[in-house]
Each structure stands twice: as C-alpha cells, then as structure tokens.
Amino acid sequence: MIKMKDLTDKEYLYGHKACPGCGMGIVGRLATKVLGEKTIIALPASCMSTVTTQYPQMNYSVPSMTMAFPGTGAVLSGMSAGLKSLGVKDVNVIGFAGDGGTADIGIQALSGAVERGDDFIYVCYDNEAYMNTGIQRSGMTPYGATTTTTPSGTASIGEKHFKKNMFEIMIAHRIPYAATACSSYTTDFMNKIEKAKNIKGPAYIHVMAPCPTGWGFPSELTVEIGKMIVECGLWYLAEYENGKVKMNLVPKTLKPVKDYLMAQKRFKHLKDEDIKAIEEHRDSEWELIRENWMK
Amino acid sequence: MSKPQIVKYKMPESQKDMPLGPSSEAGVIIEPNAGWRVMKPIIDNSKCVMCLKCWILCPDGVIDREKGTLEIDYNFCKGCGICSYECPQKAITMVKEGKQYD
Amino acid sequence: MTNQNIVSSREFLNGDEAVAYGARLCRPNVVSVYPITPQTIVVEKISEFVANNSMDCEYVHVESEHSAMAAAMGASMVGARAFTATSSQGLAYMHEMLHYVSGSRFPIVMMNANRTLAAPWNIFGDQRDSMAQRDTGWIQVYVENGQESLDMIIQAYRLAEHEGIYLPVMVNLDGFVNTHTYELVSIPSQKEVDEFLPAFASKNAVDFNNPRSYCMSASTEWNMEFRYQQHEAMMNAKKVIESVDKEFGDKFGRYHGGMVKEYKCDDAEVVLVTTGSVSGTSRLVVDSMREKGLKVGLVKLRFFRPFPVEYFKGLKSRVKAVGVIDRNLSFGYEGAVGSEVKSAMYDSCGSPKVIDFIAGIAGRDIKKKDIELMYNKLLNLSKGQKEEELQFIGMRW
Ligand SMILES: Cc1ncc(C[n+]2csc(CCOP(=O)(O)OP(=O)(O)O)c2C)c(N)n1
Ligand code: SF4
Ligand SMILES: [Mg+2]
C-alpha cells in the first residue's frame, strides 16, 4: 500500500506543457513516482507525448520513446522481450496511451500483447476523446457528448454511442491484472500502479483523466469532476485479479448524473429526456456490475 | 526546493553536434510555464495542516513539501487552481497574477 | 541454454530457409514476425529453430506487421538486436513503422519477399512492394539467390549497426523464384559469423546512467537537420557497403559486388540493368549473345537505396544504350529503377539512350527470349533506330 509520506519527492515528470488542470498530468506524475527511475515509457501520439517531448525539452526524466499511435502494445512487447533477452531485470516497462490510442487504433496491438502475456504495464488515460488533435470523438466518448466530430445540433445529440468497456475487454483476455481508476482517487490509482509493477505479465489500468479543455469545465474542477463521475456511477473503481473482479468503491446510492453532466460544456445541450436515457443506461450497467461482480 | 530546474541547454551549432536520430537527454527543461498563469495560488502556511492533498493532486507537481511547510515552484505553476479548490483548510487563495498582495 | 554451435555446412535450402539460417547466425535477441506468402517459410523455420532450442532469441508472435515492426523498434530501443521479415501487403501494412524506425535510427534488419500488391490479388513476385517504400529511409538491397540471401542478412547487420550508419536494412528476395527455389547454400559456422559480426552494443539504446527520450518531436526549427543527418548516414553507407562486402568476401570467399555487380560490361555497347533473381537468367542470355559476337553486358543493381549514382554517371560514357528491367511500375510514369538510372545519367549532352522495360509483373516469367528481345531493342537503339522509351515485355498482347 502506498503511503503519502513514503512517496518520493522526486518528480519524474515535470515542466510539461499540458493544459492547466489536466487530469493526465496527475496520472503521469504519480505513476512515475511509484515506479521510480528504472522505468522505460512508451508514448504513442497523444496529448501525453505532445506535451512532454518537444526537442530539446524532455519532461520525463526517465527513458522514454515517442512512438506510432497504433503501436503501444507492440512497442511494449518489444521492449519487454528485448530486456528479457538481454537478461535485464527489475526494469518497469510502461505505456501511457490515450483512450483513442487504446480503444480505437491501438486495440489490436494491445490485444495481441496482452494475449501473449508479455511483461508490461499499460495505462490508458481516458479523457474521452482525441484531445491532442482537437477534441474529436473516440470509441470512449460518452453518449451525448459534443466533440468536434460529433457536434450537437438540430439533428444531432452529439456522440450517439455509449462508451466501449475496455476493462471487460481486458478481462476477456484473462489478463493477470486489470483495473479501472480515476485521477481524483490518487491513492487508489497509485496502489494499482504498485500492484501492476509487481505483476508478472501484462497489467492494464484504465484511468479516467478529466480534461478541462475538451470537456469544458474550469481547470480547478478537475479533481471534483473526477469525483463526481465516480459518485454518479458513470465510472467505477474496480480491479480484476486471480479471475475475480473487486469493486474498490461502491457509492451507497448513486448520485444523479445531471449534476455531473451539467458541470461540463460538452453536455450542456442535453435535455431532460437525454439525461434520463443516460441514467437508465448507467442503471443497467450497474445491474450487470452487481449481478456479475458483487454477488 | 528540490524540484527540477531550468537548464541553459546548449543547442547544436553544426550538423555534427546533432544528437543521433531524434533522441535527446531526458529530464531537460529549458523554459518556465509561469507565463501561462492568470491566477496565482498563495499558500497561508499558518492555516496549512500538511494533509498534502494539494501536493498529491497538482498535475504539474509544483508544490514542494521538503522543508516541512509547503512552497510553490512558481516557475512551473500554471495557476489551474486545483490546490486551492481542494484544500480542506482553505489555506490556498488564488490571486490575480501581477496584483500586489501582502 | 540454447545450443547454437552451428558448424559450417552445405545444404539444399530455398531462399526463405537461407534467410532463416542467416538470421539465426546473426543471433538476434528479438524476432517479431508475421506470416505472409511467400515469406512464410522464414517465420516457420525460425519458429522451428526456437522450438528445438537451436536459436537463442525472444520470439514475439505479433498479431500484425505493424506490430512486428513496432515490437522490433521497442526491442532495439532497449539495446536488443531485432529481426523481422515480411512481404507485399505486410510491408504496406507496416509502412508507418518503416519511417519511425529509420527516423529513430534503429538498426533493424528485415527480409522482404518481393510480391505484387493487390488489387488484383496475386501472391507472386514483383518489386513494387519494396520500391514503393523508397523514401522510408531504409537501406534496400536486392539479392539474386539463396546464397546471396543468407550472406546479405549477415552483412545487413554489419551495415545497419555500423558506427556511421545506424539505419535499418531491408533485404529483398524475389517471391517464389528466390524464396521457394532450392539450391546448394554454404552455411558458415557460428564462430566465423561471430567474428565477422560482433555482439550488438547499441549506441542508440536505453542507458539508465544517461537517460534519453527517443523518437521525440522536433519542431520546424530543428526537423530538417535531423533529416539531413539521416541522409548523411545513407550516403555514408555507400562506402561501407563496399568495404563490408570486401571484408565478407575475404572471410567467407564470396564477394557480391558491393552496390552493383557488372557482368561482361568492359567492352559492352549496350547493357541491361537488373535487380534480383532475373540477373541469373540475364547472364545466360549475355553469354549466348556474346557467342554471336554481340557486345552486350549486364549490370546487376544490388542497392536501390542508397542509390549508386556515381556508378551510373560513370557508366554513361562507356555504353551506347542502357536498358532497365523494372519488375515494378509507377503508374502514370514508368518503372522506379528506370527513373533512377535516367536521372543518375542525366546530363545536358551525351547521355546514353535508355529503355525502361516493364516485365515480370505479378510473377510473370521473364523468359530468355524476352531478355534477348530487350537486348536486340537496345542494339537497335544504339544503331540509331527508334525505340519507345517505355516498353511492356511479355504482355499477353
Ligand atoms: C496513424 C495515425 N492516425 C492519426 C494520427 C493523429 N492523431 C494523433 S494523436 C490523435 C488522438 C489521440 O487521442 P487519444 O489517444 O485519446 O489521446 P489524447 O490526445 O486524447 O490524450 C490522433 C488522431 C496519428 N498520429 N497517427
Ligand atoms: S487537451 Fe485535455 S488532456 Fe490534453 S493536455 Fe489539455 S487538458 Fe490535458
Ligand atoms: Mg483521449
């Protein structure tokens, strides 16, 4: 278990160019604090790579490689295989990929790498759209959200589909360790990174990372928004280990989704019936969670 | 403060100075982010109980705890306001950048 | 521990197997490959080596060619020697990664089985797949037979990992004609190869004492200088290709000719430029035409990138007409090698006449009579008769 006082004062991610209040910044910073110096990072095209590796400013102080948008899983495999064949031990290999780089273009490489059982940590930081290229929808964009490719309008509600469930997709791979997390729940997230570090084989952590720029909320609310999404049940904290899912935080009653949605510009256009539809979908998801994982 | 420092980076002056391929020293910061800041967090250490919420939640890691009281690395604080918003003691206030205060 | 005490031997191997044997001798740390006809045997053979404990490597069963190259890149970044192989659709599929790898200066070696690209779908050979990758920054060599295939895999690592190069190398074998044709191949011993190719000590890999960020972004202010550096490395390769080939020749008794290999060109009036397996057949035609007193020669172009510009500049004053057999086609213009040869020989006056022959597309046989026809056309041209600059040989009609 991670204790705040034991955490290093060293910053392995510093001075980066992410927007003020970026949830992804918390993710990169805390993950590397837990993993320490002996860490190699794969950075596919995304906000994460863009804001950290502009020559000559390299904001990660551990070795990293910016790489192709679709290739995170495979690059991690290659790094891990390379280290293994060179007899190098005790080095963490981690990828930070966005939701697009994970659930859309990178899902094939991720699936292959997980199925092969290669030893790496894959962190998907989920800001629910392609932020780096200017807020286009991804397979992780939630229903009803306005993005630049799913703008709401007289004939459009915004994004028309509900989020893809990457956690369950990873479970279907029988991955040694998978977890969901949120940048607002820092201890939970760091504990999960710590677990992933000690797992032999692949570990996948899907961490919700609110994006003030893309979601449309004031930068000081990043942590608050992250709490709200968990409290209203549109996101959950869970982990899968030894064939079982454990819910890490179950709100006694789920708060109404409306407050969460209305705090963000991307949902401002939603009507009461749209919000009701979102709430119904949430409820059906939670029914499944209770049915499958909480009995 | 033991936060990473801005370095004067020696850029290549000829083709032969160029690093091999696009790779470069890790952990090199050549410029501050202070210019982005509109609002500036000010910590009142007399109110702070060192719960370290702000320290852990800062996306830029600019809060320093090493001296036993908190200090902000204003070179890299972007003024997002998370620290101030999350502080249970209301020990951090956001003031307009450039304004005088005591 | 793996038993990799290979002693020298001579065996009947096809081109794919020769590549696998060559790759094994290079002791790659990581092999990440995805099967595609006609490269499949390479993948299978290496799998067999690994399964029988006669090859010491991490074999990554990637789920695509894009991932094959991405994994190789990851491996190279941590200091591992990486090998991969592909063909045609697979090469096209990994196109994005080819740029990443060369741009990041990772000395990865890849075998490519030349095969035409869909559509129309076809698994047989032509070289449009690799020629279309001309500008990806890979060193490209075209080999003629199994022996040259094996030898060039070994040489490729020496080239790729050379201090002044650090670029990836693609070794191209004609699909089926080379990949699936059996011949007697000399396999050097592990000891000899170890002497020729030392263990990989990358100067472009993770070092925790001096951590670096790889493959970073470089702004408009700096990007062009990185490209220039890549170009310089490619230009440096020209000399190294010759010296490595010589050194290889001294050690193993087989010198392949460096950038280009001439055949009976000294007094030739017309020459034909070939790439890959058609060179063998063409030599036979040269011999038979020579018997008739015709002054024909053959230039086997081995390296397409870097391109032997100097050689062709020199060739220009030696011959009256040059033909190129292009087993590829750049739709709307001509064959890729034809364009390069012409541009290399370009001069305001005195350039020889050039005919670009498009032939052998999608595995179509280039017969001796086709080659003879090409030489005759060149001879006609050299005597002042008119010939079309671009000709399709072996067409149905
Ligand atoms: C093959 C390829 N297609 C498209 C792009 C353009 N591109 C770069 S980043 C990006 C979106 C990244 O989205 P995500 O993975 O969610 O990360 P984020 O930027 O949101 O953090 C896109 C579409 C690319 N770099 N490569
Ligand atoms: S766009 Fe969003 S995810 Fe990207 S840097 Fe800005 S706040 Fe972070
Ligand atoms: Mg995203």
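Please find, among C:Lys353, C:Lys320, C:Lys383, C:Lys313, the residue that is touching a Leu at 6+ places or on another chain (Cβ under 6 Å) and open to solvent by 20 Å² or more (accessible area, probe 1.4 Å).
Unique residue meeting the criteria: C:Lys353.
Does region A:44-57 contain any residue that is open to solvent by less than 10 Å² (accessible area, probe 1.4 Å), within 7 Å of another protein chain (Cβ to nearest Cβ) and within 16 Å of ligand 3 (Cβ to nearest atom)?
The answer is no; no qualifying residue exists.
In region A:97-107, which residues are within 18 Å of C:Ala71 (Cβ to Cβ) and either within 16 Å of ligand 2 (Cβ to nearest atom) or not in a loop (DSSP other than H, G, I, E, B) (or both)?
Scanning region A:97-107 gives A:Ala97, A:Gly101, A:Thr102, A:Ile107.
If C:Glu221 satisfies every condition in (1) open to solvent by less than 20 Å² (accessible area, probe 1.4 Å); (2) more than 25 Å from the chain's Cα centre (by Cα); (3) closer than 30 Å to B:Gly21 by Cβ but one, which is the exception?
(1)
Return the total of residues in region C:23-56 being part of a loop (DSSP other than H, G, I, E, B) and of a type in the set (S, T, N, Q). Spell out the reasoning first.
Residues of region C:23-56 part of a loop (DSSP other than H, G, I, E, B): C:26-29, C:33-39, C:52-56.
Keeping just the survivors that are of a type in the set (S, T, N, Q) gives C:29, C:37, C:39, C:52-54.
Selection size over region C:23-56: 6.
Answer with yes or no whether A:Phe120 is aromatic (Phe, Trp, Tyr), out of contact with any helix residue (DSSP H, G or I) (no Cβ under 7 Å at 6 or more places or on another chain) and away from ligand 2 (no atom under 15 Å from the Cβ).
Here the answer is no, as A:Phe120 does not meet what is asked.
Output the number of residues of region A:214-236 satisfying the condition of being open to solvent by less than 20 Å² (accessible area, probe 1.4 Å) and within 23 Å of B:Pro41 (Cβ to Cβ).
6
Of (1) surrounded by fewer than 14 Cβ atoms within 10 Å (Cβ to Cβ); (2) within 11 Å of chain A (Cβ to nearest Cβ), B:Ser24 satisfies all except one. Which?
That leaves (1) as the condition not met.
Across region A:135-148, what is the total count of residues that are away from ligand 3 (no atom under 12 Å from the Cβ) and surrounded by fewer than 21 Cβ atoms within 10 Å (Cβ to Cβ)?
Within region A:135-148, residues that are away from ligand 3 (no atom under 12 Å from the Cβ) and surrounded by fewer than 21 Cβ atoms within 10 Å (Cβ to Cβ) number 2.
If you scan region A:120-146, which residues turn out to be assigned to a loop (DSSP other than H, G, I, E, B) and farther than 20 Å from A:Val207 by Cβ?
Matches in region A:120-146: A:Thr133, A:Gly134, A:Tyr143, A:Gly144, A:Thr146.
Among what's in region A:118-134 and is more than 9 Å from ligand 3 (Cβ to nearest atom) and open to solvent by 40 Å² or more (accessible area, probe 1.4 Å), pick the residue that is farthest from the other protein chains (Cβ to nearest Cβ).
Among residues in region A:118-134 that are more than 9 Å from ligand 3 (Cβ to nearest atom) and open to solvent by 40 Å² or more (accessible area, probe 1.4 Å), the one farthest from the other protein chains (Cβ to nearest Cβ) is A:Thr133.
Could you tell me which residue of region A:175-210 is nearest to ligand 3 (Cβ to nearest atom), considering only residues that are within 11 Å of chain B (Cβ to nearest Cβ) and open to solvent by less than 20 Å² (accessible area, probe 1.4 Å)?
A:Ala209
For residues in region A:19-42 being open to solvent by less than 10 Å² (accessible area, probe 1.4 Å) and within 13 Å of ligand 2 (Cβ to nearest atom), which is farthest from A:Thr187 (Cα to Cα)?
A:Gly21
(1) more than 23 Å from C:Ser64 (Cβ to Cβ); (2) surrounded by 24 or more Cβ atoms within 10 Å (Cβ to Cβ): which one isn't true of A:Ala74, the others all being true?
Condition (1) is where A:Ala74 drops out.
If I filter region A:136-152 for residues that are free of Cβ contacts under 8 Å to residues at least 60 places away in the same chain and of a type in the set (Phe, Trp, Tyr), do I get at least one hit?
For region A:136-152, residues free of Cβ contacts under 8 Å to residues at least 60 places away in the same chain and of a type in the set (Phe, Trp, Tyr): absent.
Working only within region A:95-113, note down all residues that are within 12 Å of another protein chain (Cβ to nearest Cβ) and either closer than 21 Å to A:Ile199 by Cα or polar (S, T, N, Q) (or both).
If the condition is that a residue be within 12 Å of another protein chain (Cβ to nearest Cβ) and either closer than 21 Å to A:Ile199 by Cα or polar (S, T, N, Q) (or both), then A:Gly95, A:Gln108, A:Ala109, A:Leu110, A:Ser111, A:Gly112, A:Ala113 are the ones that fit.
If I go through region A:60-71 residue by residue, how many of them are open to solvent by 10 Å² or more (accessible area, probe 1.4 Å) and away from ligand 2 (no atom under 16 Å from the Cβ)?
Number of matching residues: 2.
Which condition number does C:Tyr157 fail, the rest of (1) over 20 Å from C:Phe226 (Cβ atoms); (2) without any contact (Cβ under 8 Å) to a residue 60 or more places away in the chain; (3) buried (at least 24 other Cβ atoms within 10 Å of the Cβ); (4) more than 12 Å from the chain's Cα centre (by Cα) being met?
Of everything listed in (1) over 20 Å from C:Phe226 (Cβ atoms); (2) without any contact (Cβ under 8 Å) to a residue 60 or more places away in the chain; (3) buried (at least 24 other Cβ atoms within 10 Å of the Cβ); (4) more than 12 Å from the chain's Cα centre (by Cα), C:Tyr157 misses just condition (2).
Which residues, counting only those in region C:67-81, are facing chain A (nearest Cβ under 7 Å) and crowded, with 24+ Cβ neighbours inside 10 Å? Show your work before the answer.
Restricting attention to region C:67-81, the residues satisfying the condition of being facing chain A (nearest Cβ under 7 Å) are C:67, C:70-75, C:77-80.
Residues satisfying the conditions are C:Ser67, C:Ala70, C:Ala71, C:Ala72, C:Met73, C:Gly74, C:Ala75, C:Met77, C:Val78, C:Ala80.
Return the only residue of C:Ser47, C:Ser8, C:Ser87, C:Ser102 being in the same structural domain as C:Arg158 (by TED's automatic domain parsing), open to solvent by 10 Å² or more (accessible area, probe 1.4 Å) and touching a Pro at 6+ places or on another chain (Cβ under 8 Å).
C:Ser8
Name every residue in region A:84-115 that is free of Cβ contacts under 8 Å to residues at least 40 places away in the same chain, open to solvent by 10 Å² or more (accessible area, probe 1.4 Å) and more than 16 Å from ligand 3 (Cβ to nearest atom), in order of residue number.
A:Lys84, A:Ser85, A:Leu86, A:Gly87, A:Val88, A:Lys89, A:Gln108
Can you name the residue in region B:36-66 that is in contact (Cβ under 8 Å) with a residue 60 or more places away in the chain and open to solvent by 10 Å² or more (accessible area, probe 1.4 Å) and is also farthest from the other protein chains (Cβ to nearest Cβ) among such residues? Talk me through it step by step, then tell me what you get.
Restricting attention to region B:36-66, the residues satisfying the condition of being in contact (Cβ under 8 Å) with a residue 60 or more places away in the chain are B:37, B:64, B:66.
Next, only the ones that are open to solvent by 10 Å² or more (accessible area, probe 1.4 Å) stay: B:37, B:66.
Details: B:Arg37: 8, B:Glu66: 6 Å.
In this case the residue turns out to be B:Arg37.
The values are calculated or read from the model by the stated rules, or taken from the named source; none is laboratory data. Since we're looking at a predicted model, the values are computed, not measured. With ideal geometry, Cβ positions are generated from the backbone for all residues, glycine too; neighbour counts draw on all protein chains shown. All accessible areas refer to the heavy atoms of the entire protein, side chains included, with ligands and DNA or RNA removed. Shrake-Rupley method; radii C 1.70, N 1.55, O 1.52, S 1.80 Å.
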